[in-house]
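The values are calculated or read from the model by the stated rules, or taken from the named source; none is laboratory data. Keep in mind the model is a prediction, meaning the values are calculated, not measured. No Cβ is skipped: glycine too gets one built from the backbone with ideal geometry, and neighbour counts run over all protein chains shown. The accessibility values were calculated without ligands, DNA or RNA, using every heavy atom of the protein model including side chains. Shrake-Rupley method; radii C 1.70, N 1.55, O 1.52, S 1.80 Å.
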Amino acid sequence: MCMVIFAPQDKECNRHFHSLFAIFAFSTCGGYSGGLRLSVDCANKTESDLSIDVAFAYPFRLHQVTFEVPTCEGKERQKVSLIGDSSSSAEFFVTVAVFAFLYSLAATVVYIFFQNKYRENNRGPLIDFIVTVVFSFLWLVGSSAWAKGLSDVKVATDPKEVLLLMSACKQPSNKCTAVHSPVMSSLNTSVVFGFLNFILWAGNIWFVFKETGWHSSSQRYLSDPMEKHSSSYNQGGYNQDSYGSSSGYNQQASLGPSSDEFGQQSAAPASFTNQM
């Protein structure tokens, strides 16, 4: 089974999870639509509106979302709009997710069917490494920006905050309540998948870097000093051994007299016996 946690060195497996998590990120954010429902109960019941629906969706240009509410002063109605615009952060987040999905899909195809072209002249691994670093940075920036944007969306669509925008709700004789609050679970999920994508892409930087020539050149740079050190150590040991053997031989030669001296010493008593 393909798992990033257990097989991080498998580039095809990593890119497969990149594309899958990117789909979850842009689908939960870009496909969102929600709303809230309010109720305005006027002192004059004929002027009340107990079902005011306020709908909003991606890209969350909330200032463009308008709805009408009763003023509780005759048949006049007030046109109210939400506050805020989180479209820039939402659109940036979705754009990063879509392009990350497309690149992961293309990279997987290259890994499987064009492996020789990928490794040719070391160009493929270098491009892959640079793009991986760039997308890691974009995921971090996009997820952080969208988390802030989502916080603004939650505040702007809070029914209690929306009720404060209505003039009828400022009169104590009228009763304004929130019937239904927006569900933000999918948007919360999109933020989670955004930071998960950042972790996946950042964790894959090292495994892509190992495929580049930069990693192999650094390995050779580290191995050359080690080889020089080991060769110099071996030469020093050889000289020490040869020195020891030669000194030992000279020491052994100096311990006893030579054969000529030993012969002259033994010949002296023999000549003395003959003279006797």
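Of note:
- Verdict on Asn234 being over 30 Å from Arg77 (Cα atoms) and either open to solvent by 30 Å² or more (accessible area, probe 1.4 Å) or modelled with pLDDT under 95 (or both): yes
- In the stretch 133-149, the residues that are open to solvent by less than 40 Å² (accessible area, probe 1.4 Å) reach residues that are among the β-branched types (Val, Ile, Thr) and part of a helix (DSSP H, G or I) with C-beta atoms within less than 6 angstrom, at least six apart or across chains, in these pairs: Gly142/Val96; Ala147/Val191.
- Residue that is farthest from Ile83 (Cα to Cα), among those in the stretch 183-194 that are surrounded by fewer than 19 Cβ atoms within 10 Å (Cβ to Cβ) and in contact with a Leu (Cβ under 8 Å, 6 or more places away or on another chain): Asn188
- Beta carbons closer than 8 Å, at least 6 apart along the sequence or on distinct chains, pair a first residue in the stretch 165-187 that is over 21 Å from Lys154 (Cα atoms) and modelled with pLDDT of 90 or more with a second that is of a type in the set (D, E, K, R) and open to solvent by less than 60 Å² (accessible area, probe 1.4 Å) for Asn174/Asp41; Lys175/Asp41.
- Residue in the stretch 99-115 that is surrounded by fewer than 18 Cβ atoms within 10 Å (Cβ to Cβ), over 30 Å from Gly31 (Cβ atoms) and either in contact (Cβ under 8 Å) with a residue 24 or more places away in the chain or of a type in the set (D, E, K, R) (or both) present: no
- A residue that is outside any strand (DSSP E or B), in contact with a Leu (Cβ under 6 Å, 6 or more places away or on another chain), in contact (Cβ under 8 Å) with a residue 24 or more places away in the chain and not hydroxyl-bearing (Ser, Thr, Tyr) cannot be found anywhere in the stretch 36-55.
- Pick from the stretch 116-132, criterion β-branched (Val, Ile, Thr) and over 26 Å from Ala147 (Cβ atoms), ranking: surrounded by the fewest Cβ atoms within 10 Å (Cβ to Cβ): Ile130
- Qualifying positions in the stretch 188-206 - at pLDDT 95 or above and not in a helix (DSSP H, G or I): none
- Qualifying residue in the stretch 44-56 (condition: in contact with a Ser or Thr (Cβ under 6 Å, 6 or more places away or on another chain) and at pLDDT 95 or above): no
- Residue check, Glu73 in a strand (DSSP E or B), of a type outside the set (Lys, Arg) and at pLDDT below 95: no
Residue-by-condition table, conditions (1) of a type in the set (S, T, N, Q); (2) within 15 Å of Leu62 (Cβ to Cβ); (3) in contact with a helix residue (DSSP H, G or I) (Cβ under 6 Å, 6 or more places away or on another chain):
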residue: Gly84; (1), (2), (3): no, yes, yes
residue: Phe92; (1), (2), (3): no, no, yes
residue: Leu102; (1), (2), (3): no, no, no
residue: Val109; (1), (2), (3): no, no, no
residue: Val131; (1), (2), (3): no, no, no
residue: Ala147; (1), (2), (3): no, no, yes
residue: Thr157; (1), (2), (3): yes, yes, no
residue: Cys169; (1), (2), (3): no, no, yes
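- Qualifying helices (runs of 4 or more DSSP H) (wholly inside the stretch 85-177; at least 3 residues being of a type in the set (A, V, I, L, M)): 87-113, 123-156
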